[in-house]
Each structure stands twice: as C-alpha cells, then as structure tokens.
1. Share of segment 24-76's accessible area from carbon and sulfur, percent, 1.4 Å?
2. According to the square roots a ≥ b ≥ c of the eigenvalues of the Cα gyration tensor, what is the shape class of segment 43-82, taking rounded for a/c under 1.5, prolate for a/b larger than b/c otherwise, and oblate for the remainder?
3. Using a probe radius of 1.4 Å on heavy atoms only, what accessible surface per residue do you get for the chain? Whole Å² is fine.
4. Could you give the dipole magnitude of the chain about its Cα centre, charging the beta-carbon of Lys and Arg +1 and that of Asp and Glu -1, in debye to the nearest 20?
5. What 222 nm value per residue comes from the helices of the chain, counting each DSSP H run with n ≥ 4 as -39,500 (n - 2.57) and dividing by all residues, nearest 500 deg cm²/dmol?
6. Which residue, chosen from I73, C45, Q20, occupies the Cα position most advanced towards the positive end of the dipole of the chain, where the dipole is computed from +1 (Lys, Arg) and -1 (Asp, Glu) charges on Cβ about the Cα centre?
7. Looking only at the chain, where both bridge partners belong to it, what percent of the DSSP beta bridges are antiparallel (to the nearest 5)?
8. If you check each cysteine of the chain for another cysteine whose beta-carbon is under 4.7 Å away, which ones come up empty?
Amino acid sequence: MTPMTVTNHNFTEEVLECAQPVLVDFWAAWCGPCKMQAPIVDALCQERADIKVCKINVDEQFELAVRYQVSSIPTLMLFKDGKVARRAVGLRSKEEIEQLIRECQDEHPAE
C-alpha cells in the first residue's frame, strides 16, 4: 500500500473525518529533503495498519498548505479526531515519526 494523495476536494473526508490517526506528509517534487523523507513515509504506510498515511503536494494544494501554515517542507502532521495533534518540520527519521505516532495515540489532540 502506498500513501493516499490528498487534495482540497477529499481532505475533509480522508483526513478530518477519519476514525484513526492520519499522518500527512506535506511535500513538493523539487524539495530534496522531501525526496529523502518519501521512502520513510512509504515504509510506515506499509508497516502500520493503525494509522492512515497521506501526502499533500504543496505546489498543487496551496490552499491546504496555507490553511495549516506550512512554511517549510517537508512538514509532517498527525491528525487525530479532526485536529492537528502533532507537527514536525524538516526531515525526520523513522524512529522520530514513530515516536510522534505513539504520542498522538496516547494523548488527546492539541487544541
């Protein structure tokens, strides 16, 4: 399984209304660190059935990038119960992302 591509049209349904936590990777094709982050995010998508993994191309979905104040990429966000529960900016290791997921699953979403 590969991460789902999310757009303005399906964001609410696929991310905000999802019953399980959602890891969203904000990226762009020209971004070197994003290219390095991609295989890590892809691996998590393959290995973790307890989360949904999505990708948002900030060049194609500028409105979502602005809405969630994405000013640097890659930016990873974990959504839980329709809200951003965790946010990480910059290239992250698999272990760092797994820690964010654990924290998200253990706590209530950030207000």
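1. Carbon with sulfur: 56 percent of the solvent-accessible area.
2. Note, shape of segment 43-82 comes out prolate.
3. So the chain comes to 54 Å² accessible per residue, rounded to a whole number.
4. 220 debye
5. Helix-only estimate at 222 nm: -9500 deg cm²/dmol.
6. It is I73, whose Cα lies furthest towards the positive end.
7. Of all bridge pairs located within the chain, approximately 60 percent are antiparallel.
8. C18, C45, C54, C104
The values are calculated or read from the model by the stated rules, or taken from the named source; none is laboratory data. Computed from a predicted structure; not experimentally measured. Please note: Cβ atoms are built from the backbone with ideal geometry, for glycine as well, and neighbour counts cover all protein chains shown. Ligands, DNA and RNA are excluded from the accessible area calculation, which covers all protein heavy atoms including side chains. Shrake-Rupley method; radii C 1.70, N 1.55, O 1.52, S 1.80 Å.
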